[in-house]
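**Q** The structure under discussion is supplied below as structure tokens; questions concerning it will follow.
The values are calculated or read from the model by the stated rules, or taken from the named source; none is laboratory data. Please read all numbers here as calculations on a predicted model, not as lab measurements. Heads up, the Cβs are rebuilt from the backbone with ideal geometry, glycines too, and the neighbour counts pull from every protein chain shown. Calculation scope for accessible area: heavy atoms of the full protein, side chains included, ligands and nucleic acids excluded. Shrake-Rupley method; radii C 1.70, N 1.55, O 1.52, S 1.80 Å.
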Amino acid sequence: MTSTKRTNGGTPLVEMRDMCIAFGGVHAVDHVSVDLYPGEVVGLLGHNGAGKSTLIKMLSGAYQADSGEILINGEKADIQNPRDARSYNIETIYQTLALADNLDAASNLFLGRELVTPLGFVDEDAMEAESRKIMARLNPNFQKFAEPVSALSGGQRQSVAIARAVYFDARILIMDEPTAALGPHETQMVSELIQQLKAEGIGIFLISHDIHDVLELCDRASVMKNGKLVGTVDVDDVTDDDLLSMIILGKKPGEAAA
Amino acid sequence: MTFVKTLSQKAWIWSFVGMFAVWLATAVYTGGKGSADVLTAALSFATFTVIVGIGQMFVITTGPGNVDLSIPSTISLSGAVAMKIMDGSNAMLAIGFAASMGCGVAVGIFNYILIRVLRIPPIIATLSSSFLILSSAIAYGRGLKIKPPPLLADFTTAQIMGIPVLAIVIILLAAVMGVVLNRTMYGRSVLAIGQNMRAAWLAGINVERIRFFTYLLSAVLAALCGFLLSGFSGGASLNMGQEYLLASIAVVVIGGTSVAGGKANVAGIWGAAMFMFLLVTMLNTFGASAGIRLIMTGLIIVAVITIAGGDEPQR
């Protein structure tokens, strides 16, 4: 099942090789390898607890792998914490929308990377102006720049989280269930955004357990079950039933289902 | 009208409202006699509470469970060390001040090591370190009855037109710390950590470094308070920090800072410190007995916090 469209054999943007991590004897991720090419969306599918979020948190720096290696543009990367991940232009949009509730949208967008004046003070005006610029592109309806993000709807919070990732020139974007908290209109907005980012050559890992999202948005899908990789398939080659049986039975299409 | 409304939504305004209310009540009772002197005294004494209150505020703002209980003993240690080194000599003033700051830095680092390396909850860590610090002060400070250098004593008690010079300096300090809180990356990080520590970490903030600086800041400010207070009160004593344990926390809370973290206010600390002093003065003026005084103090503080805590409901 390695029939990908990338027959030209370019260097992958990300290669995670033989990743392992265990929590107190439970092998949450067990010898899993995945890769991602520029301008590609790779879906990570699986049940709750299959290990997909855990796998990707080793890339975003939230967890440290027990073993395995991560290559970025073919070179070995050392990712110990979220700051390291950022230095490789890896940006993450978390399922839990990691925002500081009492700060406004602009402050959250620039959290940890505030714009400062020459004297070293936080430049709120510049931050708000930049926020307005990026929001005009992502979500033109967004107006609540002065309010704390706790006053925003799920979709608005999501746009802040996405804007944060996009603003800082992400090369590799990780989206953990980006549409889980959203209404249909906002989901549509995220889909369009993904297409737009793809066109800019950004590689995206999309974690989801919605097969239809994956079929619609992704180029390839890697399916996990019980911490192990079931397989990686080209979404054009499979039906939703194929994906479903990979998730549930842990068998690749073509293999006899037990 | 909208101005009044926005103002009444600021939690810190209530500490100033309370302050003026008790001051007015006192003035009315005494027929206005000496009410200016009362304000001068309030400024003098509130100054010291404000110094430690600012440090405590930054600590509390880093989130639930963060509090510095070692402030009183740091005040005592810093005062004792500074007095002994200076030995009443103006020439030693700079060295005494440096030694005092050194105490603060040492305490801050020690507190942080307990919290970070030994993973002790801050409330226990700073409480236990306060015993160690106070013991050091006792062991060190045998000659506690040393007068401060005249220059220090003069500076800490000087007044310009009834306004204590030290109070002016600390108002400036509070203004600077207000800018630090709201307009620097450090202050932003403190607020973010207090609101959502995990989000702050995931956003790439170096959470542990920020917490280290915060406990360091609190200890250094406590040391500064000890140094100035021993100049003000004519020497150091081992229990001179005692009343600042609860006072440092009370002024932070009354001043509109959230105990849950992530929301802080520097101006409110000044109002709250003045309020606390004037409240006791008022009850004294009314001739209330010690028991009544304590009960009233408690009740009024609860009332102020309840009114000030009438935050617009979140969501």
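**Q** Taking the Cα centroid of the range A:173-228 and of the range A:74-143, what is the distance between the two, rounded to the nearest whole Å?
**A** Their Cα centres are 21 Å away from one another.
**Q** Calculated from DSSP H runs of 4 or more alone, at -39500 (n - 2.57) each and per residue, what is the 222 nm mean residue ellipticity of the protein assembly as shown, nearest 500?
**A** Result for the protein assembly as shown, helices only: -17500 deg cm²/dmol.
**Q** Assign unit charges at the C-beta atoms only (+1 for Lys and Arg, -1 for Asp and Glu), then state the dipole size of the range B:35-308 relative to its Cα centre in Debye, rounded to the nearest 20. Mind showing how you got there, number by number?
**A** Numbers: 13 positive and 6 negative charges, 118 e Å.
Magnitude of the dipole: close to 560 debye.
**Q** Additional query: Leaving ligands, DNA and RNA out of it, rank A:D176, A:D125 by accessible area with a 1.4 Å probe, largest first.
**A** Ranking A:D176, A:D125 by accessible area, largest first, yields A:D125, A:D176.
**Q** Of the heavy-atom accessible surface of the range B:35-308 (probe 1.4 angstrom), what whole percent is carbon and sulfur?
**A** 73 percent
**Q** Taking the Cα centre of the protein assembly as shown as origin, work out the dipole magnitude from +1 charges on Lys and Arg Cβ and -1 charges on Asp and Glu Cβ, in debye rounded to 20.
**A** 2220 debye
**Q** I would also like to ask the following. Excluding residues fewer than 8 places away in the same chain, name every one of the aspartates and glutamates whose C-alpha is closer than 12 Å to that of A:K228.
**A** A:K228 reaches A:D18, A:D30.
**Q** In nm, to one decimal, how far is the modelled label at A:D237 from the one at A:R137, with both set 7 Å along Cα→Cβ?
**A** 3.5 nm
**Q** When the dipole is taken about the Cα centre of the range A:107-241, and only Lys, Arg (+1) and Asp, Glu (-1) are charged at their Cβ, what size is it in debye, to the nearest 20? Walk me through the numbers before you get to the answer.
**A** Values: 12 positive and 22 negative charges, 72 e Å.
Charge dipole, the range A:107-241, about its Cα centre: 340 debye, nearest 20.
**Q** Another question, if that's okay. Which whole number of Å³ per residue matches the convex hull of the alpha-carbon atoms in chain A?
**A** Numbers: hull volume 35.4 nm³, N = 258.
Looking at chain A, the number lands at 137 Å³ per residue.
**Q** While we're on this one: Checking the cross-link filter: which lysines have an alpha carbon closer than 21 Å to that of A:K76, excluding same-chain neighbours under 8 positions apart?
**A** Within the straight-line cut-off, A:K76 pairs with A:K57.
**Q** Right, here's the next one. Restricting to lysines 8 or more places apart or on different chains, can you count the pairs in chain B with Cα atoms under 23 Å from each other?
**A** Working: B:K5/B:K263; B:K10/B:K263; B:K84/B:K145; B:K84/B:K147.
So the count of such lysine pairs works out to 4.
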